[in-house]
Amino acid sequence: MGVGLMKMIKQLLALCCAAMATGAHAAGAGQSVPGDCELHVWPGDKLKAVYNGVFHGGTVDGALKSRSGYPPLPQDPLNSARQAALLEAARPQALLGRPDDRLIVHADPLESRVIRTTPGRLSNSNAACYGELVVDDIVFRQDAVSGTVLLTLFRYRRFGPAPAPEYRFANWGKATIKLLPLKPGGNLAAAIAELEAAYLEDLKRFAEVIGKQARPK
């Protein structure tokens, strides 16, 4: 084999190795290694209820407290423990476009004041790649005109090395409810299942809104 041909082959090999190294570096810069990012999730506190009838309404939790004139609701139909289980099963990290994030679901809800006023992280994690998804409020709203819906307020933040979040977004989800309050002969188990499905639908819609924005890294 001639000296000129050998020199050409060495040059081609060097160029290929350089291209592979550059491609690997670019891929590493654009995405995180699976497992080195965390998504911390907190469930909400007790479900609130608001009823707006034709002649009366407006009392918060009137339906949950069996107030006269308010269609009754089951006591604590979507507690924090059940929310935490639903959130874990839903894999919110995948819904938010980050399927490789390590999911950490906290058992206890946070006070709304703490959620709204804490400038930094809500957990003691020091992970360099870190996000938070918090359920701030859940409202079962009955309206004589517009119908019944489950409203869920989600807050999402992503952090980098700085103490303050690089990205934040909050929005209400709204899903229709048809089986609650229970009618005579109604199926309570089916009604609770619908309520839980509405909760997850609110989460899905929240994530979809984020997906339509510039995706946070």
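Descriptive notes on the structure:
- Amide H contacts under 5 Å for LEU47: LEU78, restricted to partners 5 or more places along the chain or on a different chain, H placed in the peptide plane at 1.01 Å from N.
- Two-site label geometry, ASN187 and ALA81: point separation in nm, points 7 Å out along Cα→Cβ: 2.5
- Neighbour net charge for PHE159 - beta-carbon separation under 9 angstrom, K R +1, D E -1: +1
- Cβ-Cβ FRET estimate between LEU179 and VAL209, R0 fixed at 25 Å, reported to 0.05: 0.40
- Amide H partners (placed H, <5 Å) of LEU39, local residues excluded: ARG102, LEU103, ILE104, GLY131
- Summed residue charge, Cβ within 13 Å of ASP36's Cβ, Lys/Arg positive, Asp/Glu negative: -1
- Descending by average beta-carbon neighbour count within 10 Å, the peptides 128-134, 177-183 line up as 128-134, 177-183, the highest first.
- Applying 1/(1 + (r/R0)^6) with R0 = 41 Å to the Cβ-Cβ distance of ALA197 and THR117 gives a FRET efficiency near 0.80.
- Local net charge near TRP172, Cβ-Cβ under 10 Å (Lys/Arg +1, Asp/Glu -1): -1
Here, each number is a calculation from the coordinates, and none is a lab measurement. Everything numeric in this text was worked out from a predicted model, so none of it was measured. Ideal geometry is used to build each Cβ from the backbone, glycine not excepted, and the neighbour counts take in all protein chains shown.
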